[in-house]
Structures are given as C-alpha cells and as structure tokens.
1. For labels at SER73 and MET141 in the simple 7 Å Cα→Cβ model, what's the distance in nm?
2. Could you count how many Lys pairs in region 28-176 have their Cα atoms under 27 Å apart, skipping same-chain pairs fewer than 8 positions apart?
3. For ARG95 and LEU114, compute 0.36 nm times the residue count separating them, minus their Cα-Cα distance, and round to one decimal in nm.
4. What length, rounded to one decimal in nm, is gained on full extension from VAL60 through to THR41, with 0.36 nm per residue of separation minus their alpha-carbon distance?
5. Over region 28-176, what relative contact order in percent results from Cα pairs under 8 Å that are six or more residues apart?
6. Using a 10 Å cut-off on Cβ atoms, rank the peptides 41-52, 108-119, 88-99 from the highest mean neighbour count down.
Amino acid sequence: MRTADLKGSRESTNWEGRDFSLAAAAPSPAASAAEGNRHGTVLRWLKFNAVGVLGIGVQVAVLLTLKSGFHLSYLPATALSVEAAVLHNFLWHERYTWSDRVQPSWRKSLPRLLRFNLTTGGVSIAGNLALMKFMVGLGHMNYLVANGIAIALCSLANFLVSAELVFAKRDQWTQNSSRLPLAGPPE
C-alpha cells in the first residue's frame, strides 16, 4: 500500500457505514458555541459569587459597626447594612461580573442601579424572610444553617434576575422590555 493510501484510510475509514473522518469527529459550530456559552455562564456565576462573598463581608461589617459602634437598633442596622451590600455588589457586578455587557456611566448606571435594587434587593429580602420562616419557624433548623441555605438559593435567583433584567444584552432587553420598563435598555 502506498503512503497516500494509508493517509487517506486513516482520515476517513468507513467501516460498516460508519464515518471515522476527522470532520465527523469535530464538534459543530453550534455545539462549540453552546459549550463556550456554558463556560461563559459558569465563569460569570463564579464571578457573581465572588462578589457576593465580598458583599456578605460588607453587610456584616456595616451591621456590626451600626449595632455595636453606633448602638443603632438591629432592624434599621440590618436594613442599612443590606443596602450597603446591594450598592457594593452593584458596583462590582457592573465593573467585573458583567463588564462585557455594560459601559458604566452615570446616565446609564443609575437606571440600572434602580433595576438592581428593585429586583435583586426584592428577591433577597422576600426570599430570605420566606425561606427563614419555612426552615427555622416551621422546620426548626438552626438559624445560621438556614441563613446559609437562604443566601445560596437567593443567590441563584439573583443571578438569573441580574442576567436577564439588570445586565441583559441589548437584544435581550428589547425582547424583555415589556416586563420591566425602567429607564430603557442597558448598554
């Protein structure tokens, strides 16, 4: 057998109707795009959670300072510390987590901040209260364990809300604009 024949047989051997060519083994462009999109979503999810961990630190630090240092009652101190964490997280998400989707500017960031506060802030407060009532009040779970679970579950919901409504790609915004008409599309 000649070298050219061997080369040809290695690249596209058809054995009982099966195609073993290199082209058949290569993923389609759609499959490659889907894999890249999954990788991008996983990376963005990791960034989102890294920012969230920092936000938890901000929330605890502000709460301790307001409660212990300024002797503020725990409810107003909690509300202010949650808002401090929301503002912290928004700034990092805009400049780090979704930096490829937005161009920070006062004109474009303020409406996005309003959407972020109304969506993720609402999800965080309502979700945490409902989950804590269910797990601690009804399930008698340790409040710290329940709080960790609530944070994790609300984090997933907040990621999805942020990705679809707050930091959505321009083409997604035009499709979703009837859901939340707050100050136009993000850039």
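1. 2.9 nm
2. Number of lysine pairs found: 4.
3. 5.2 nm
4. Gain on extension, VAL60 to THR41, equals 4.0 nm.
5. The value is 22 percent.
6. The packing order, highest mean first, is 88-99, 108-119, 41-52.
Read-outs: derived from the displayed coordinates by stated rules, not from any lab. The structure presented is a predicted model; accordingly, all values stated were derived computationally and were not measured. Counting neighbours? That spans all protein chains shown, and the Cβs are built from the backbone with ideal geometry, glycine included.
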